[in-house]
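Any read-out appearing in this document is the output of simple, stated calculations on the displayed coordinates, not a laboratory observation. Because the structure is a prediction, the values reported are computed rather than measured. Note that we place each Cβ from the backbone using ideal geometry, even for glycine, and neighbour counts take in every protein chain shown.
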Amino acid sequence: MTVQRSVAFCRPQVDDDDVAAVRAVLESGWLTTGAQTASLETEFAEAVGARHAVALSSCTAGLHVALLAAGVGPGDQVITTTYTFVATGHAIHWTGARPVLVDVDEETLNLSPEAVEAAITPRTKAIVPVHMTGLPCDMDAISSIAARHGLAVVEDAAQAIGSTYRGIRIGSLSDTTVFSLYATKNVTSGEGGVLTTQSDEVAAAVRRLAFFGVSKEVWERHSKPHGWQYDVLSNGFKYNIPDILSALARRQLAKMQALNAARAEAARRLLDGLAGIDRIALPREYDEVTRNWHLFPLRVLEGEQVRNALIDFLRERGIGTGVHYTPLHLFTFYQREFGYAPGDFPRAERAFASELSLPMHSGMTADDADWVAESVRDFFR
Ligand SMILES: *Cc1c(COP(=O)(O)O)cnc(C)c1O
């Protein structure tokens, strides 16, 4: 019997300082959006090189208000990849627009710029590229398509904090970028999101839309003379993040480099340990980008049955895995509501049938990575 060494698919790293920061907020008497959130926004903008950062309750909320701020509404079309978490497509639908799905590049799992261009119609308003697994999309191609057709770009960077594209940090490239602080993400506060933008107008619109259409934030109301005065300029949502979570997010953000470096180290160890198995394709590095190793996506070349057997084999050894993602066009809702059907996006379907995400998190040790690699080797022996 092989020695079992259980390796979680994902596990957030929360240390004593993180706990102390949350505790301080709990004891401060101010639990909701306040000074911690304001500091998080300043620090986040600095960390990704953006002019503005707006902290929100989730990345999904951020995608919603970013699209609204870009003028997207009923009757419009927004192009995104079928190969993403359902949040991306749903947020587009929340605005009343139609999510126009496109196929991916089979190697990178990112949306194909050619497919984006081919999907443009007179009703297209925006493109939502998703940096799948933390690997940046071909942003030069996407930006140039957007510029030529007068479209907004809202990046879904839920998985891409700390990744760079041609030396530029994700978060400072396009009109608007949205990050996630969800429990599985590289930098996490359990739940939360941060929108970054270079535009004063977008930042102001997003702040208003994210809090009931109110013209000033609660915090400003309480910290300025005559602060009780405010106006409601439009309808809006309740998408603010509480200081309890912002305090945790600040601590995690301060450790971003170290958290991502630990993932990169684990990824190198996995790549070394898995090298030379000819029945799988490994993720790789590219010259023009750095990936933050949010996920470690393997491809099992023989396809779905062997991939599923590998999942079961690893589970029996205590190794957690994931499959990222079921393409949106294969879901009942997307077929019923928008008329998509199996077969629409063959590259995404092949990727989905062969993909397997191995354990990847900042607490992974060299022994963990070696055990995972050895186990994959054992399966293919
Ligand atoms: C996690 C994730 C989201 C959703 O983020 P939340 O903060 O949970 O709303 C959206 N898009 C992608 C690609 C994700 O991985």
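Quick look at the numbers
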{"quantity": "Filter pass, THR37 being in a loop (DSSP other than H, G, I, E, B), crowded, with 21+ Cβ neighbours inside 10 Å and within 16 Å of the ligand (Cβ to nearest atom)", "calculated": "no"}
{"quantity": "All helices (runs of 4 or more DSSP H) inside region 275-381 with 3 or more residues being surrounded by 21 or more Cβ atoms within 10 Å (Cβ to Cβ)", "calculated": "304-316, 346-354, 366-380"}
{"quantity": "Matching residues, region 119-159, being basic (Lys, Arg) and free of Cβ contacts under 8 Å to residues at least 24 places away in the same chain", "calculated": "ARG148"}
{"quantity": "Single residue of region 231-269 satisfying the filter (farther than 23 Å from LEU40 by Cα and in contact with a Pro (Cβ under 9 Å, 6 or more places away or on another chain)) that is surrounded by the fewest Cβ atoms within 10 Å (Cβ to Cβ)", "calculated": "ALA267"}
{"quantity": "Close pairs (7 angstrom Cβ cut-off, 6 or more residues apart or separate chains): over 16 Å from LEU151 (Cβ atoms) and within 9 Å of the ligand (Cβ to nearest atom) in region 61-89, of a type in the set (Val, Ile, Thr) and part of a helix (DSSP H, G or I) anywhere", "calculated": "ALA87/THR60"}
{"quantity": "Complete set of residues in region 161-191 that are assigned to a loop (DSSP other than H, G, I, E, B), within 9 Å of the ligand (Cβ to nearest atom) and small (Gly, Ala, Ser)", "calculated": "ALA183"}
{"quantity": "Any hit, region 165-180, residues being under 29 Å from ASN240 (Cβ atoms) and charged (D, E, K, R)", "calculated": "yes"}
{"quantity": "Single residue of ARG5, ARG23 found to be among the basic types (Lys, Arg), assigned to a helix (DSSP H, G or I) and farther than 25 Å from PHE237 by Cβ", "calculated": "ARG23"}
{"quantity": "Criterion violated by GLN13 - all others in (1) in contact with a Lys or Arg (Cβ under 9 Å, 6 or more places away or on another chain); (2) polar (S, T, N, Q); (3) in a loop (DSSP other than H, G, I, E, B); (4) surrounded by 20 or more Cβ atoms within 10 Å (Cβ to Cβ) satisfied", "calculated": "(4)"}
{"quantity": "LEU195 within 12 Å of the ligand (Cβ to nearest atom) and either assigned to a loop (DSSP other than H, G, I, E, B) or not hydroxyl-bearing (Ser, Thr, Tyr) (or both)", "calculated": "yes"}
{"quantity": "Residue in region 93-106 that is within 14 Å of the ligand (Cβ to nearest atom), assigned to a helix (DSSP H, G or I) and in contact (Cβ under 8 Å) with a residue 60 or more places away in the chain present", "calculated": "yes"}
{"quantity": "Exclusive hit being among the hydroxyl-bearing types (Ser, Thr, Tyr) and either over 25 Å from TYR182 (Cα atoms) or out of contact with any strand residue (DSSP E or B) (no Cβ under 7 Å at 6 or more places or on another chain) (or both), set THR121, THR82", "calculated": "THR121"}
{"quantity": "Region 107-124 - residue that is of a type in the set (Ser, Thr, Tyr) and more than 16 Å from the ligand (Cβ to nearest atom) and, of those, nearest to the chain's Cα centre (by Cα)", "calculated": "SER112"}
{"quantity": "Neighbours by Cβ (under 6 Å, 6+ apart or cross-chain): first from region 26-44, within 22 Å of MET256 (Cβ to Cβ); second among the hydroxyl-bearing types (Ser, Thr, Tyr) and part of a helix (DSSP H, G or I)", "calculated": "GLN36/SER246; THR37/SER246; LEU40/SER246"}
{"quantity": "Out of ALA61, ALA97, ALA35, ALA91, sole residue that is among the aliphatic types (A, V, I, L, M) and touching a Lys or Arg at 6+ places or on another chain (Cβ under 8 Å)", "calculated": "ALA97"}
{"quantity": "Restricting region 47-60 to residues that are part of a helix (DSSP H, G or I) and away from the ligand (no atom under 14 Å from the Cβ), the residue that is nearest to THR95 (Cα to Cα)", "calculated": "VAL48"}
